[in-house]
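Enquirer: Pasting a structure here, questions to come.
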Amino acid sequence: MRKSVKSRAEEQFAATQKKDKQALKDMEKARQERAEKVERLRALRLAKEATDKEATDKEAADKSAAEEAAAAAKKAAAKKAAAKKAAAKKAAAKKAAAKKAAAQSG
């Protein structure tokens, strides 16, 4: 027996509804996958930025420590040179005093 026009239209409508529902599911799935990908990439980017910042901070700290060590070494060298100069001046004064004492006594 032939189906009525109304019955065929209902079947076509149901099939169309089913296709629409499937298309919506597919679009939602694709949207969800894109959102997950963006979230994953964002997490990777933030992790990389944190690692880069740590490396930069460590490098700056190392550079600062090296500069402080160099300044301390320079200060120590200047102090040593000043002490050596003072010792030489003291020795020269002592020698001059001894020479003057020898000249007066003899």
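Enquirer: So for segment 78-100 (the condition being out of contact with any Gly (no Cβ under 7 Å at 6 or more places or on another chain) and either modelled with pLDDT of 95 or more or exposed (fewer than 10 other Cβ atoms within 10 Å of the Cβ) (or both)), does at least one residue qualify?
Expert: Within segment 78-100, the subset out of contact with any Gly (no Cβ under 7 Å at 6 or more places or on another chain) is 78-100.
If we keep only those that are either modelled with pLDDT of 95 or more or exposed (fewer than 10 other Cβ atoms within 10 Å of the Cβ) (or both) as well, we get none.
Scanning segment 78-100, I find no residue that is out of contact with any Gly (no Cβ under 7 Å at 6 or more places or on another chain) and either modelled with pLDDT of 95 or more or exposed (fewer than 10 other Cβ atoms within 10 Å of the Cβ) (or both), so the answer is no.
Enquirer: State yes or no: is Lys63 of a type outside the set (Val, Ile, Thr) and either in contact with a Phe, Trp or Tyr (Cβ under 9 Å, 6 or more places away or on another chain) or surrounded by 10 or more Cβ atoms within 10 Å (Cβ to Cβ) (or both)? Let's see the steps before the verdict.
Expert: Details: of a type outside the set (Val, Ile, Thr): yes; either in contact with a Phe, Trp or Tyr (Cβ under 9 Å, 6 or more places away or on another chain) or surrounded by 10 or more Cβ atoms within 10 Å (Cβ to Cβ) (or both): yes.
So Lys63 passes the test.
Enquirer: Here's something else I'd like to know. Which of the residues spanning segment 1-56 are of a type in the set (Gly, Ala, Ser) and either modelled with pLDDT of 95 or more or touching a Gly at 6+ places or on another chain (Cβ under 7 Å) (or both)?
Expert: Of the residues in segment 1-56, the ones of a type in the set (Gly, Ala, Ser) are 4, 7, 9, 14-15, 23, 30, 35, 43, 47, 50, 55.
Scanning segment 1-56 gives Ala14, Ala15, Ala23, Ala30, Ala35, Ala43, Ala47, Ala50, Ala55.
Enquirer: Right, another one. Could you tell me whether Ala77 is of a type outside the set (Ser, Thr, Tyr) and within 23 Å of the chain's Cα centre (by Cα)? Reasoning before the result, please.
Expert: Numbers: of a type outside the set (Ser, Thr, Tyr): yes; within 23 Å of the chain's Cα centre (by Cα): no.
Criteria not met by Ala77.
The values are calculated or read from the model by the stated rules, or taken from the named source; none is laboratory data. A quick note: this is a predicted structure, and the numbers were derived from the prediction, not measured. Quick reminder, even Gly has a Cβ in these numbers, built from the backbone with ideal geometry, and neighbours come from all protein chains shown.
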